[in-house]
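A short write-up of the structure that comes next.
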Amino acid sequence: MAGEGNLFVISAPSGAGKTTLCKELIDFFPALRQSISYTTRPARSGEKDGVDYHFVSPDTFVGMVERGEFAEWAEVHGNKYGTALATLEDASQQGVDILLDIDCQGAAQLKKTCQHAVFIFILPPSVEELLRRLQGRQTDTPEVIQRRIDNARGEIAQAPWYDFIVVNDDLHTALNQLTSIVTAEGCRTKNQVKAIERLLNEG
Ligand code: ADP
Ligand code: 5GP
């Protein structure tokens with residue numbers, strides 16, 4: 001890991017396994033920090049405020065939008081979600097690598113403002129499997145699941161502008177691919193300048 005403040009943006013249609021993979025990635029790289037988004041969506045059972053999301057009222061969210069407090073925000077599946085500017089600024093100031101699990105609309109906004117960010121899209125192996133995973137998760141009503149499946153095609157159509165595509169068929173293979181991407185980013189010349197300087201200053 002570089003420790004130079006890399007920004008990883010991960011998007012996927014709901015149910016593709018993004019949350020699962022992001023958790024695994026954070027476990028794999030202890031120095032990688034997950035950005036905690038703000039949302040107007042009600043917490044699912046087991047979700048904790050300040051850990052999974054900052055759960056806020058629609059009024060609080062609109063106030064933050066009006067005060068320009070979001071680096072990006074979007075309405076996704078009927079709820080609003082956003083990444084606070086402060087979250088990105090803190091990570092950048094501390095030189096910490098940060099992982100954002102956000103939708104394509106938000107990612108497209110960051111593509112314009114964060115040139116150094118790495119954009120990764122997670123694809124499901126098939127729409128049939130996507131549906132199976134959404135149903136198997138048992139967190140959403142049939143109506144919510146149908147809305148997420150209806151939105152999936154439009155989201156998948158955005159995949160070509162991302163830097164990397166990972167197909168989450170076998171979880172272990174997908175995680176391997178993701179860790180390779182993060183590791184490779186740490187090896188970029190811009191992230192190894194200090195190592196070069198240290199060697200040149202030896203003896
Ligand atoms: P997302 O965050 O993209 O909506 P989740 O991470 O919640 O998706 O995953 C949706 C469901 O699919 C969960 O029940 C999860 O355990 C399961 N899942 C994730 N990855 C795989 C995989 N590679 N194979 C089978 N099931 C998976
Ligand atoms: P869920 O409700 O399943 O947790 O998330 C639904 C969708 O919202 C996912 O595609 C997730 O990536 C996206 N999302 C979560 N946080 C943010 C955010 O801060 N900004 C944007 N634009 N999307 C987000």
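Assuming R0 = 41 Å, what is the FRET efficiency of H172 and E69, from their Cβ-Cβ distance, to the nearest 0.05? Before the final figure, lay out each step's value.
Details: r = 38 Å, r/R0 = 0.94.
The pair H172/E69 has a calculated efficiency of 0.60.
What is the distance, in nm, between label points placed 7 Å from the Cα along the Cα-to-Cβ direction at S57 and at Q94?
In this crude label model, S57 to Q94 measures out at 3.0 nm.
Using a Gaussian network model of the chain whose springs link C-alpha atoms within less than 10 Å, name the residue from A74, A157, A12 with the highest mean-square fluctuation.
Maximum fluctuation in the GNM of the chain, among the listed residues, is at A157.
Just to be sure I follow: if Rg is taken over the C-alpha atoms of the range 80-195 and Rh is the Kirkwood radius over the same atoms, what is Rg/Rh? Spell out each step's value before the answer.
Working: Rg = 16.5 Å, Rh = 16.4 Å.
Taking Rh as the inverse mean 1/r over Cα pairs, Rg/Rh reads 1.00.
Test of understanding: in a Gaussian network model of the chain with alpha carbons linked when under 10 Å, which of K48, K23, K112 would top the mean-square fluctuation ranking?
Between K48, K23, K112, it is K112 that shows the largest mean-square fluctuation.
For the range 144-203, which GluC sites (Glu not before Pro) are both in a DSSP coil and crowded by at most 11 other Cβ atoms within 10 Å?
Values: sites: E155, E185, E197, E202; in loops: E202.
In loop regions of the range 144-203 (DSSP not H, G, I, E or B), the sparsely surrounded GluC sites (Glu not before Pro) are E202.
Just tell me which lysines come within less than 26 Å, Cα to Cα, of K112; anything on the same chain fewer than 8 places away is out.
Output for K112: K18, K80, K190.
State whether the range 27-116 is rounded, prolate or oblate according to the following rule on the C-alpha gyration tensor (a ≥ b ≥ c being the square roots of its eigenvalues): a/c under 1.5 gives rounded; otherwise a/b larger than b/c gives prolate, and the remaining case gives oblate.
Values: a/c = 1.67, a/b = 1.20, b/c = 1.39.
The shape class here is oblate.
Is there a quick way to get the dipole size of the chain? I mean about its Cα centre, with the Cβ of Lys and Arg at +1 and of Asp and Glu at -1; what is the value in debye to the nearest 20? Mind dumping the intermediate values first?
Working: 20 positive and 28 negative charges, 24 e Å.
Dipole of the chain, to the nearest 20 debye: 120 debye.
Keeping all protein chains in place, calculate the accessible area per residue for the range 67-186 (probe 1.4 angstrom), answer in Å². Don't skip to the end; give the middle numbers.
Working: 6150 Å² over 120 residues.
Result: 51 Å² of accessible area for each residue.
How many percent of the accessible area of the chain is carbon or sulfur, using a 1.4 Å probe?
Details: 5670 of 10980 Å².
Roughly 52 percent, rounded to a whole number.
What length, rounded to one decimal in nm, is gained on full extension from Q135 through to F28, with 0.36 nm per residue of separation minus their alpha-carbon distance?
35.7 nm
In whole Å and largest first, what semi-axes does the C-alpha gyration tensor of the chain yield when each eigenvalue is scaled by 5 and square-rooted?
30, 21, 15
How big is the antiparallel share of DSSP beta bridges in the chain, given as a percent to the nearest 5?
Numbers: 8 of 26 bridges.
Looking only at bridges with both residues in the chain, the antiparallel portion is about 30 percent.
Each residue of the range 28-43 in turn: what ³J(HN,Hα) in whole Hz from Karplus with 6.51, -1.76, 1.60 and θ = phi - 60°, glycine and Pro shown as x?
Computed from phi, the couplings for the range 28-43 are 5, 10, x, 7, 8, 9, 8, 6, 9, 7, 9, 8, 8, 5, x, 5 Hz.
What is the mean projected area of the alpha carbon convex hull for the range 67-146, to one decimal in square nanometres?
Numbers: hull surface 27.7 nm².
So the mean shadow area of the Cα hull is 6.9 nm².
Taking a spot 7 Å from the Cα of D163 along the direction of its beta carbon, which residues of the range 186-203 have an amide N less than 12 Å from it?
Counting backbone N atoms under 12 Å from the label point, the list is 186-191.
The values are calculated or read from the model by the stated rules, or taken from the named source; none is laboratory data. Keep in mind the model is a prediction, meaning the values are calculated, not measured. All Cβ positions, even for glycine, are placed from backbone atoms using ideal geometry, and neighbour counts span all protein chains on display. Accessible surface areas use protein heavy atoms only, side chains included; no ligands, DNA or RNA. Shrake-Rupley method; radii C 1.70, N 1.55, O 1.52, S 1.80 Å.
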